[in-house]
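The values are calculated or read from the model by the stated rules, or taken from the named source; none is laboratory data. No experiment lies behind these values; they were computed from the predicted model shown. Backbone-built Cβ (ideal geometry, glycine too); neighbour counts: all protein chains shown.
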């Protein structure tokens, strides 16, 4: 999505594992969680942000661009 160059992307993914190892060596307990929801649930949540005035503040331009790419 053009947030960075290809070189920056590669550097990020090269350096992240070493950064995590440094944290653990320092005594930090590192826990990673991956949450996944189905497309139907995401569609429901997205629509609630679009149509509910109390949730509209949660909607960003990035949400609008990324929603069609959910399955990707």
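Worth pointing out:
- One residue alone among 65, 18, 11, 41 is loosely packed, with under 11 Cβ neighbours inside 10 Å, at pLDDT 95 or above, part of a helix (DSSP H, G or I) and out of contact with any helix residue (DSSP H, G or I) (no Cβ under 8 Å at 6 or more places or on another chain), and that residue is 18.
- Scanning the stretch 21-38 for residues that are under 21 Å from residue 70 (Cα atoms) and outside any loop (DSSP other than H, G, I, E, B) yields a total of 0.
- Number of residues in the stretch 45-67 that are touching a residue at least 40 places away in the same chain (Cβ under 8 Å) and either assigned by TED's automatic domain parsing to the domain that holds residue 3 or farther than 13 Å from residue 1 by Cα (or both): the value is 0.
- Single unsatisfied condition, residue 50 versus (1) in contact with a helix residue (DSSP H, G or I) (Cβ under 8 Å, 6 or more places away or on another chain); (2) surrounded by fewer than 10 Cβ atoms within 10 Å (Cβ to Cβ): (2)
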